[in-house]
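Heads up: the structure comes next, in structure tokens.
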Amino acid sequence: MLFYNLVYLLLCFFAILQIFVLLITEMTSTHYNIAIVGAGPAGTACALALREAGLHVALIDKSTFPRDKTCGDAIPGPALKILRKLLNTADQEFDQLDLKQRIQSSSVHLPNIKPIYIHWVTKAYNSPRMDFDNFLLYLVKKYTNTIIYEGIRINRITHNDIIQIEGKDLSLTCDMVIGCDGANSMVARSYNVDFQNNIKNSFAVRAYYKNVNCPENDNRFYLLDELPKGYFWIFPVGNDVYNVGLGVLTNEIKGKKTDVKAAFQAIVQNNPQISGILQNAQLLDKIKGFRLPLWSRRQPISGERMMLAGDAAYLVDPLQGHGIDKAMQSGVLAAQQAIQCFATNDFSATFICEYDEKVYTQIGKELSRNFTLMKYVSDYPRIVKMLARLGTNETVKKVGQKLFYRKKN
Ligand SMILES: Cc1cc2nc3c(=O)[nH]c(=O)nc-3n(C[C@H](O)[C@H](O)[C@H](O)COP(=O)(O)OP(=O)(O)OC[C@H]3O[C@@H](n4cnc5c(N)ncnc54)[C@H](O)[C@@H]3O)c2cc1C
């Protein structure tokens, strides 16, 4: 009798366990119209642009916010313009962002040449990505119905009849996936999008310092003799903290990340222009490095039911190394294309590639021009020096203003 009771109890236990497992699976396995992978500038701008579309949207990120992102922390002016177009409360919201530094000018420093100053008419800011990206995600939480999954790394995407997205403790299906997952995009890999033929790639390191002997409202760019194919920067980010970094074309370094770190440290210690400025500076954190997927030429960035935006689509400006604005701009374009797909019920690769065309005409053409300029700047440093010496301040300012896209109001 006792034996039968025990078997009965065991059966009940397994039945309850099975119901429990089914419930958990049901809770974590959901269907969405759109899954955005990555909640950086591209993913959050995309989610904000979808807010009135009436679609069921998921936004998934492997990190829990606030999270750090290795960056120079210079928020390009167009990024704020895009935000203003997305939300009419953008300015009031941005005022609430604590850690930011208003930037009045950028200056270019070449050895033995008077620095060239470009004074910005439009408002420009620096803000640590820890804070800025958290602010963007806060806007998504406040203004949209997006379902947000933080701390879930997507490690598998299959797309046969349906798109299945899987991460630890999460499995979902969707009609369309938008890859905003940065330079090492999992979405791009899953769809075999291959950017290996990119001619130029870049790697950059950055470190935070206090007590830097620099003004608090000027972004400094240094073109150094020892590294003609890259630049060193000193950007104030507020609260007396400075983001100091070095970006180099990867074709120019012999393979390893540590080479750029070593070059950075050597400049900090030995370069006569830099070492004085950082003489009494305290390093606040580890020196961190990451890859910059620079635009070099037009490549496919979409497929059936799939689009890539931001770094996942190689949209970093090859001249300046900026990508936050292009990430947001492409995120918005991807959202607009997605809305079109649902309106026409057409998710075919041929229809979606209209997105590629828009990215090319609205972003790519400008980046192609900057790619050519970057090649001249990096291949002919002597000509750059000569121009810097010859150029009158006014012409240099005008050219600089044009190159750096900060248009007068
Ligand atoms: C050292 C350095 C300095 C830079 N300086 C500047 C600068 O000053 N100004 C500027 O405009 N740009 C700068 N950039 C470029 C800029 O950082 C990027 O262009 C920008 O972050 C691109 O935004 P994104 O949303 O496309 O990607 P990201 O900001 O990289 O966001 C991608 C998101 O996807 C998430 N993710 C990745 N993989 C997965 C996965 N498998 N599952 C779930 N989530 C995932 C990540 O956690 C991340 O939050 C710099 C880059 C570097 C490396």
For I383 paired with E354, estimate the spin-label separation in nm (one decimal), with each label point 7 Å from Cα along the Cα-to-Cβ line. 4.1
Kirkwood Rh, Cα Rg: Rg to Rh for region 177-321? 1.04
Can you run phi through the Karplus equation (6.51, -1.76, 1.60; θ = phi - 60°) for region 305-316 and list ³J(HN,Hα) in whole Hz, with x for Gly and Pro? 6, 8, 9, 10, 9, x, 4, 4, 9, 6, 10, 7
Set the Förster distance to 45 Å, then compute FRET efficiency between R156 and N239 from the Cβ-Cβ distance, nearest 0.05. 0.65
Starting at the first residue of region 208-214, write each ³J(HN,Hα) from the Karplus equation 6.51 cos²θ - 1.76 cosθ + 1.60 with θ = phi - 60°, in whole Hz, x for Gly and Pro. 9, 10, 10, 6, 9, 7, 9
Need one number: nm distance between label points at Q282 and I147, each 7 Å from Cα along Cα→Cβ, rounded to one decimal. 4.6
Could you order the peptides 344-355, 170-181, 231-242 from most to least packed, using the average number of other C-beta atoms within 10 Å per residue? 170-181, 231-242, 344-355
I need the peptides 44-51, 289-296 ranked by packing, meaning the mean over residues of other C-beta atoms within 10 angstrom, with the highest value on top. 44-51, 289-296
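Only the coordinates and a few stated rules stand behind these numbers; no lab work does. Small disclaimer: the values here were computed from a predicted structure and weren't measured. Glycine also receives a Cβ, built like all others from the backbone with ideal geometry; neighbour counts cover every protein chain displayed.
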